[in-house]
Amino acid sequence: MDKIRINGTRPLYGTVAVSGAKNAALPLIAATLLTPGTHTLHNVPDLRDTRTMLKLLETLGATWERSGTSVQINTTDLTGAEAPYDLVKTMRASVLVLGPLITRVGHARVSLPGGCAIGARPINFHLRGFEQLGVETILEGGYVEARVQGRLEGSTVYFDIPSVTGTENVLMAAVKATGQTIIKNAAKEPEVGNLIDMLTAMGAEIEGRDTDRLMVTGVDFLQPVEATIIPDRIEAGTYLIAVGAAGGELTITDCFPSQLPALLEKLRAAGMSIEDKANSFTASCPVDSAGNRCPLRGVNVTTMPYPGFPTDLQAQFMALMIQADGVSIIHETIFENRFMHVAELQRLGADITIDGASAVVRGISRDRICGAPVMATDLRASASLVVAGLAASGTTEISRIYHLERGYENMVEKLQGAGADIEKVKA
């Protein structure tokens with residue numbers, strides 16, 4: 001099993017390009033199941049999760065071919081409607097095939113999803129939404145079985161808590177339902193907007209993009225399309241935070257700064273200088289001739305649904321705050337078990353105390369952050385360990401990096417190009 005080895009305290013300089021967003025690619029890949037034909041998706045990141053989703057489509061009878069960052073998917077002849085456990089056990093987004101399969105063939109059998117152990121993330125939001133549209137659902141033997149007689153029927157679906165995948169799944173189920181479907185308290189994340197753009201290009205009628213109230217008027221036919229995956233705002237945010245941890249000046253391209261308003265506010269409040277343009281950032285945290293990085297201040301953060309501070313950047317931001325002056329309080333409101341990285345950061349010397357859904361981070365001087373062997377527990381935790389390793393003196397070795405490879409394309413190579421002493425090694 002591979003590891004990542006980092007020799008820290010080297011500032012970052014140069015340019016890093018952001019890849020397509022994993023969290024946008026997965027629902028768009030699933031959406032190709034809605035109608036027969038050949039779909040073309042551009043800017044598709046080559047990740048463990050995207051490869052798993054494409055393999056899942058293969059088991060359903062689709063074929064696909066990658067050329068660079070573009071993927072052609074032919075969903076003309078579906079031969080099955082089951083997503084087996086052995087394939088989807090590592091990826092929660094596998095549940096996104098439920099909506100398209102119900103819409104296309106009237107039934108689906110999908111294993112309860114796996115993925116990062118950061119909380120329950122129940123799919124009851126999805127199932128209740130389907131049931132409002134006339135779908136019968138059964139949970140049995142670790143599988144969700146869903147079936148509908150005839151077409152789905154438009155209805156009103158209300159989410160108690162905004163759910164990104166729940167919103168996406170119900171959207172895909174509703175596009176061919178009779179009448180109108182109204183989704184209230186819908187997720188407003190940019191990835192949802194990316195899916196709405198694709199569905200609209202396919203012929204769907206959806207109003208309310210970027211709001212928490214979506215109205216879907218069912219149509220009789222959809223057509224295959226070309227669509228482009230938006231840049232990964234979480235990857236962009238991770239590199240912004242990495243500049244603060246390591247010091248230096250880095251330009252991050254092929255991204256949309258407007259999609260990270262809360263992060264930019266917090267990083268500037270912490271003392272970083274960030275210049276944002278339409279499609280790029282330049283972030284700086286100067287390092288003097290003695291190797292001292294610009295001082296950072298402790299900043300409080302509360303994770304919230306978009307456009308609030310992303311839960312997917314909480315771990316990375318905490319890795320930055322361990323070397324900031326003063327005390328930071330990080331409050332997690334999205335997932336109940338998303339502090340598993342704390343124990344690993346403590347191995348590097350971090351002073352962090354957990355108090356329920358909050359983490360109290362007392363900043364220490366940079367020379368007290370020392371490299372050590374650490375273990376990734378989930379996707380974003382693994383990124384936080386990379387951030388911390390860039391700041392730590394000595395060598396940090398990160399194991400279980402398959403978590404990182406689920407969501408970051410070529411992170412090691414990108415950081416190497418920016419001057420980091422980082423490599424992937426065989427364990």
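The values are calculated or read from the model by the stated rules, or taken from the named source; none is laboratory data. Note that the coordinates shown come from a computational prediction; the quantities given were computed from them, not determined experimentally. Quick reminder, even Gly has a Cβ in these numbers, built from the backbone with ideal geometry, and neighbours come from all protein chains shown.
Scanning segment 142-180 for residues that are aliphatic (A, V, I, L, M) and either surrounded by fewer than 22 Cβ atoms within 10 Å (Cβ to Cβ) or in a loop (DSSP other than H, G, I, E, B) (or both) returns Val144, Val148, Leu152, Ile161, Val164, Val175, Ala177.
Under the condition of being closer than 16 Å to Thr302 by Cβ and not in a helix (DSSP H, G or I), the residues counted in segment 318-357 number 16. All of (1) within 23 Å of Thr137 (Cβ to Cβ); (2) touching a residue at least 12 places away in the same chain (Cβ under 8 Å) hold for Asp86 with one exception: (2).
Residues that are charged (D, E, K, R), within 19 Å of Asn23 (Cα to Cα), touching a residue at least 60 places away in the same chain (Cβ under 8 Å) and in a helix (DSSP H, G or I): does segment 358-378 have at least one? Scanning segment 358-378, I find no residue that is charged (D, E, K, R), within 19 Å of Asn23 (Cα to Cα), touching a residue at least 60 places away in the same chain (Cβ under 8 Å) and in a helix (DSSP H, G or I), so the answer is no. Looking at segment 347-361, can you tell me whether even one residue there is under 21 Å from the mean Cα position of the chain (by Cα) and of a type in the set (Val, Ile, Thr)? Taking every residue of segment 347-361 in turn, none turns out to be under 21 Å from the mean Cα position of the chain (by Cα) and of a type in the set (Val, Ile, Thr).
Pairs meeting the criteria (first residue in segment 127-141 and β-branched (Val, Ile, Thr), second residue in a helix (DSSP H, G or I), beta carbons under 8 Å, at least 6 apart or on different chains) are Val135/Ile102; Val135/Ala173; Thr137/Leu127; Thr137/Phe130; Thr137/Glu131.
Here segment 10-56 is the region considered, the condition is being over 28 Å from Val412 (Cα atoms) and out of contact with any Ser or Thr (no Cβ under 7 Å at 6 or more places or on another chain), and the residue that is surrounded by the most Cβ atoms within 10 Å (Cβ to Cβ) is Ala31. Only one entry in Gln346, Gln316 is surrounded by 16 or more Cβ atoms within 10 Å (Cβ to Cβ) and not β-branched (Val, Ile, Thr), namely Gln316. Could you tell me whether segment 148-161 includes any residue that is closer than 21 Å to Thr32 by Cα and within 26 Å of the chain's Cα centre (by Cα)? No, because not a single residue in segment 148-161 is closer than 21 Å to Thr32 by Cα and within 26 Å of the chain's Cα centre (by Cα). Scanning segment 191-216 for residues that are crowded, with 20+ Cβ neighbours inside 10 Å and part of a helix (DSSP H, G or I) gives Glu191, Val192, Asn194, Leu195, Ile196, Met198, Leu199, Met202. Is segment 36-44 home to any residue that is part of a helix (DSSP H, G or I) and of a type outside the set (A, V, I, L, M, F, W, C)? No, every residue in segment 36-44 fails to be part of a helix (DSSP H, G or I) and of a type outside the set (A, V, I, L, M, F, W, C).
In the set Gly14, Gly37, Gly8, only one residue is of a type in the set (Gly, Ala, Ser), in contact with a strand residue (DSSP E or B) (Cβ under 9 Å, 6 or more places away or on another chain) and outside the structural domain of Gly394 (by TED's automatic domain parsing); that residue is Gly37. For segment 379-427, filtering for residues that are charged (D, E, K, R) and part of a helix (DSSP H, G or I) leaves 4. Scan segment 71-102 for residues that are over 17 Å from the mean Cα position of the chain (by Cα) and either assigned to a strand (DSSP E or B) or of a type in the set (S, T, N, Q) (or both) and the total you get is 9.
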